[in-house]
Every structure is written in structure tokens, then in C-alpha cells.
Amino acid sequence: MPGPEGFEIGRCKRKKVDILFANLKRNLGFTRLQRRGLRGASDEFLLAATAQNLKRLTKLDPA
């Protein structure tokens, strides 16, 4: 992916990730980790991401 095409693809992917993190921080109140250590932080972030995905899943149109 060298060149301008690869940069544009990467920029688009980074933008999507940044939007998801901003949503976690603003709408779900995920500003600081409460758990200590790598395992605790990982588990807490996994729960926050799962909550965000469930919230997005409820907005999908079943038809």
C-alpha cells in the first residue's frame, strides 16, 4: 500500500477508529480506567467496547 492510495485508506481507517473512541468517551462516559494493571484495563475496555457494539446493534434495521 505505498503511495497516496495507501495513505488515503489508512486515513479513512484511522478516522473510523477515532470516531468510535470519541463515542466511548462522550456518550458512554468512558474517560478513565477504573481497574489497575494490564489485565484489568483490558477487561474493562472490552466491556466498554461490547456495550458500544450492543448499542449500535440495537439501531440496525432487521428488515
Cβ-Cβ distance below 8 Å, separation of 6 or more or different chains: which pairs start in region 48-63 with a residue that is surrounded by 10 or more Cβ atoms within 10 Å (Cβ to Cβ) and end on one that is assigned to a helix (DSSP H, G or I)?
A48/L24; A49/L24; Q52/L20; Q52/N23; Q52/L24
Counting only residues that are charged (D, E, K, R) and not in a helix (DSSP H, G or I), region 43-63 contains a total of 2
Just the residues that are in a helix (DSSP H, G or I) and surrounded by fewer than 13 Cβ atoms within 10 Å (Cβ to Cβ), please, taken from region 33-42.
G37, L38, R39, G40, S42
From the list G6, G29, pick out the single residue that is surrounded by fewer than 10 Cβ atoms within 10 Å (Cβ to Cβ) and at pLDDT below 85.
G29
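The values are calculated or read from the model by the stated rules, or taken from the named source; none is laboratory data. No experiment lies behind these values; they were computed from the predicted model shown. Cβ coordinates were reconstructed from backbone atoms using ideal geometry, including for glycine residues, and neighbour counts include every protein chain displayed.
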